[in-house]
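Structure, as structure tokens:
The values are calculated or read from the model by the stated rules, or taken from the named source; none is laboratory data. Values in this document were obtained by computation on a predicted structure and should not be read as measured data. For neighbour counting, all protein chains shown are included, and Cβ atoms are generated from backbone atoms with ideal geometry for every residue, glycine included. Accessible surface is based on the protein model in full, side chains and every heavy atom, while ligands, DNA and RNA are left aside. Shrake-Rupley method; radii C 1.70, N 1.55, O 1.52, S 1.80 Å.
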Amino acid sequence: MKNKYMNPYIAGTLLGLVLLMAMFLSGRGLGASGGLKYCVVSIVGAVDRQHTDNSVYYGKYFEDGNKPLKNWLTVELLGLLIGGFISGAISKRLKLQVEKSPDISVTRRLVFAFLGGVFFVYGAQLARGCTSGAALSGMAVLSLAGFVTMMAIFGSAYVFAWFFRKNWI
Amino acid sequence: MGPIVTLTGLPEWVDLLFALVIGIGFGFALEQAGFSSSRKLAGMFYGYDTTVIKVFFTAAIVALVGSQLLSYFGLLDLNLVFVNEFYVKAAIIGGIIMGAGFIMGGFCPGTGLSALSIGKIDAMVFAAGGLAGAFLFAETYPYIQNLANGTYKGPVKINEALGISPGLFTLLLIVAALVMFWIAEIAEKRFARPDITDNI
């Protein structure tokens with residue numbers, strides 16, 4: 001017997017209260033792709049410090065002896081993983097598995113998952129935020145950028161959904 | 001009076017502790033909503049499961065109304081809360097690229113990480129792709145920085161752009177959300193796929 005998910009309106013209210021708490025405590029919204037960026041910046045800096053110091057992109061993250069991992073977004077990302085794990089444990093959903101449509105192979109699912117990650121986070125760096133940081137948090141502060149990004153993400157996904165339908169339905 | 005960290009000058013570690021607690025709440029809410037399942041998320045784009053729009057708009061409205069109430073009672077200075085800056089082309093093109101990634105991968109970064117935390121291997125691969133995407137962006141930045149930094153409009157608010165008050169815009173957004181929730185319920189019946197929804 002599977003443990004059911006929370007009612008979407010209650011889960012949405014909970015998510016909204018977490019976002020409100022971020023605004024009230026730290027004066028900012030939620031984020032996910034930003035934390036990934038800081039991880040990458042940190043790794044690249046550890047592997048090839050000369051490359052980061054000479055780069056217009058990476059350079060700013062290491063100015064004044066800054067450590068990119070000691071950052072609000074990376075710590076929040078760590079919390080996200082802990083919170084997801086706690087929720088999965090409570091609702092008995094912890095399980096190593098590849099989730100996919102029975103009509104496609106595991107390889108196909110994983111190749112598309114990887115490509116999806118590449119596209120999503122690349123786009124998020126360009127738009128300065130993903131569904132969390134730009135769309136959701138942006139809408140909560142009435143940011144025009146947030147509403148435009150939200151419509152671009154969902155509009156684009158609806159258009160591309162037709163091309164990738166065999167992966168899902 | 002908030003934002004607490006900005007106004008009280010608390011040390012950085014307290015802000016990072018807030019970040020950890022907020023992150024835990026964020027991950028918990030995403031997982032409880034069912035956003036740890038790519039097939040549930042993808043349902044939004046084929047109509048068989050519309051949880052995404054219900055959770056997403058409910059959350060945005062709760063935070064929007066809540067922050068305006070806190071501001072009204074003098075408990076939160078909204079001028080000190082970060083407002084996303086608007087780079088027109090970057091927001092639109094970035095959003096289009098993200099939408100393509102969403103339907104290919106079945107996750108967005110936050111939902112992917114919540115799925116990773118409960119053991120979804122496809123989400124781990126998605127996150128690896130995400131790291132690769134951030135790396136690719138950093139390395140290609142010199143070629144796209146004009147696009148990334150051009151058409152800058154500042155932290156524009158949507159109600160200002162429309163020439164209406166924040167309260168009126170919020171009311172219109174709530175009405176629009178209720179209409180969308182109603183359409184979502186119809187879509188779930190029209191495009192029902194019990195073979196999928198019974199297994200996610």
Helix-only CD estimate at 222 nm, as mean residue ellipticity for chain B, using -39500 (n - 2.57) per DSSP H run (n ≥ 4): -24000 deg cm²/dmol
Reachable aspartates and glutamates, given that their alpha-carbon falls under 14 Å from the alpha-carbon of B:K157 and they are not under 8 places away in the same chain: B:E85
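Give me the tail of P(r) for chain B as a percent: Cα-Cα pairs with distance above 25 Å.
Here the long-distance tail beyond 25 Å is 54 percent of all Cα pairs in chain B.
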Check: chain A dipole with +1 on Lys, Arg Cβ and -1 on Asp, Glu Cβ, in debye: 660
Partners for A:K100 among aspartates and glutamates (Cα-Cα distance below 19 Å; same-chain residues under 8 apart left out): B:E31, B:D49, B:D122, B:D195, B:D198
Whole-Å distance, taken between Cα centres, linking the stretch A:3-44 and the stretch B:21-53: 12
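Compute, for chain B, the length of the dipole vector about the Cα centre, with Cβ point charges of +1 (Lys, Arg) and -1 (Asp, Glu) only. Units Debye, rounded to 20. Intermediate results must be reported in sequence, preceding the final value.
Working: 10 positive and 13 negative charges, 89 e Å.
So the magnitude is around 420 debye.
Report, please, the projected area of the stretch B:37-120 averaged over directions, based on the convex hull of its C-alpha atoms, in nm².
The directionally averaged projection comes out at 7.4 nm².
For an R0 of 35 angstrom, estimate the FRET efficiency from the Cβ-Cβ distance between A:A89 and B:L178 and round to the nearest 0.05. Present the calculation step by step, with values, prior to reporting the outcome.
Details: r = 35 Å, r/R0 = 0.99.
Efficiency computed from Cβ-Cβ geometry: 0.50.
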Kyte-Doolittle mean at least 0.0 and Cα axial length at least 30 Å: DSSP H helices in chain B: B:12-33, B:51-72, B:121-149, B:166-190
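Can you give me the convex hull volume of the Cα atoms of the stretch A:65-117, divided per residue and expressed in Å³?
Working: hull volume 6.3 nm³, N = 53.
Enclosed volume per residue, from the Cα hull, is 119 Å³.
Once you list every other residue whose beta carbon is under 15 Å from the beta carbon of A:A11, what net charge do they have if Lys and Arg are +1 and Asp and Glu are -1? Could you put the intermediate results ahead of the total?
On the way: positive: A:K4, A:R93, B:K40, B:K54; negative: B:E31, B:D49.
Combined, the nearby Lys, Arg, Asp and Glu give +2.
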Virtual spin-label span in nm between B:R190 and B:S71, 7 Å along Cα→Cβ: 3.6
Ellipsoid semi-axes in whole angstrom, largest first, where each is sqrt(5λ) of the Cα gyration tensor of the protein assembly as shown: 28, 26, 21
Positive-end extreme of charge dipole, the stretch B:83-200 - chosen from B:I118, B:A132, B:Q145 (charges on Cβ): B:Q145
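Tell me, what is the per residue accessible area of the protein assembly as shown in Å², probe radius 1.4 Å? Could the numbers behind the result be given before it?
Working: 15640 Å² over 369 residues.
About 42 Å² of surface per residue is accessible.
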Listed residues A:A22, A:A32, A:A46, most fluctuating in chain A (Gaussian network, C-alpha, under 10 Å): A:A46
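Throw me the Rg/Rh for the stretch B:61-161, computed over C-alpha atoms with Kirkwood Rh, two decimals.
On the way: Rg = 17.7 Å, Rh = 16.5 Å.
Rg/Rh: 1.07.
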Along each principal axis, Cα extent of the stretch A:98-169, largest first, Å: 42, 20, 17
Protection-proxy order for peptides A:73-82, A:107-116, A:125-134, B:182-191, each taking the mean of Cβ atoms within 10 Å per residue, highest first: A:125-134, A:73-82, A:107-116, B:182-191
Net dipole in debye of the protein assembly as shown [+1 Lys, Arg Cβ; -1 Asp, Glu Cβ; about Cα centre; nearest 20]: 920
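So if the hydrodynamic radius of the stretch B:110-178 is defined as the Kirkwood radius over C-alpha pairs, what does Stokes-Einstein give as its diffusion coefficient at 10 °C and 1.306 mPa s, in µm² per second? Present the calculation step by step, with values, prior to reporting the outcome.
On the way: Rh = 16.0 Å.
D = 99 µm²/s.
If you count, for every residue in B:135-143, the Cβ atoms of partner chains within 10 Å of its Cβ, what is the mean? Numbers along the way, then the final one.
On the way: counts 10, 6, 11, 12, 5, 3, 6, 3, 0.
Partner-chain Cβ atoms within 10 Å, mean over residues of B:135-143: 6.
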With eigenvalues of the C-alpha gyration tensor scaled by 5 and rooted, the stretch A:1-142, Å: 30, 23, 15
For the stretch A:91-169 versus the stretch B:80-101, the gap between their alpha-carbon centres in whole angstrom: 14
Between B and A, accessible area buried - total, square angstrom, nearest 100, 1.4 angstrom probe: 10800
Contact order normalised by residue count of chain B, Cα under 8 Å, 6+ apart, percent: 33
